[in-house]
Amino acid sequence: MRGPQLSIHLIGLPGSGKSTVGRHLARRLGLPFIDSDHVIEQRIGGSIRGFFDREGEAAFRDLEEEVILELTEANVPPQVLATGGGVVIRPGNRTRLRERGTVVYLNASPEEIFRHIRHDQTRPLLQVGSPLDRLRELQRERDPLYREAAHFVISPERGKNVAALVQHIAMQ
Ligand code: S3P
């Protein structure tokens with residue numbers, strides 16, 4: 001299968017499968033896979049969770065926006081980019097991701113996500129209160145933003161959707 005001309009930008013709630021689907025897609029399309037959270041962690045030399053605790057969310061969003069700008073520069077060859085769940089909060093990121101690639105929203109339900117990440121301690125926004133309630137709240141807040149940025153919305157729950165997505169993108 002020939003790779004697409006454009007990068008693929010994956011967006012969605014924490015735990016929606018952006019990294020898993022992204023790796024799978026990248027392999028199928030023969031494109032590099034990049035996870036913007038990993039790039040941020042390399043840059044700060046530590047975990048995002050630690051950075052959140054020390055510097056606060058606004059500092060993290062500034063850094064995230066800077067990294068997204070770099071990863072979507074015109075001279076960056078096509079890639080599959082998995083983004084952090086809150087990337088759409090900044091309007092500049094929504095526009096940039098949409099202009100510089102095919103944006104795919106992995107629309108997993110909070111209940112499905114909760115089943116997968118119950119024991120995960122690395123996601124700072126899910127550490128306070130009930131993670132399931134928090135996921136529902138994040139979905140209410142962010143779903144319109146994900147939809148605004150997205151060219152495609154898919155439910156990542158079943159493997160066949162990944163295959164369908166790859167097929168869909170290959171036909172662009
Ligand atoms: C965040 C999601 C995280 C990470 C940071 C903030 C969010 O990425 O960027 O902890 O605001 O939803 P994942 O979506 O990969 O967990």
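The values are calculated or read from the model by the stated rules, or taken from the named source; none is laboratory data. Computed from a prediction, not measured in an experiment: that's the story for all the values here. Every residue, glycine among them, receives a Cβ derived from its backbone with ideal geometry; neighbour counts consider all protein chains shown.
When restricted to residues that are at negative phi and without any contact (Cβ under 8 Å) to a residue 40 or more places away in the chain, segment 24-45 contains 7. Take the conditions (1) more than 22 Å from PRO32 (Cα to Cα); (2) at pLDDT below 95; (3) within 15 Å of the chain's Cα centre (by Cα); (4) polar (S, T, N, Q); THR102 misses just one of them, which is (1).
Specify the residue that is nearest to LEU13 (Cα to Cα); the eligible residues are those in segment 91-145 that are surrounded by fewer than 18 Cβ atoms within 10 Å (Cβ to Cβ) and of a type in the set (Ser, Thr, Tyr). Of everything passing the filter in segment 91-145, SER109 is nearest to LEU13 (Cα to Cα). Of the set (1) farther than 28 Å from LEU132 by Cβ; (2) away from the ligand (no atom under 13 Å from the Cβ), all apply to ARG54 but (1).
Candidates are the residues of segment 1-38 that are among the hydrophobic types (A, V, I, L, M, F, W, C) and within 11 Å of the ligand (Cβ to nearest atom); the one that is surrounded by the fewest Cβ atoms within 10 Å (Cβ to Cβ) is LEU13. If the condition is being within 22 Å of GLU70 (Cβ to Cβ) and part of a helix (DSSP H, G or I), then segment 1-28 contributes LYS18, SER19, GLY22, ARG23, LEU25, ALA26.
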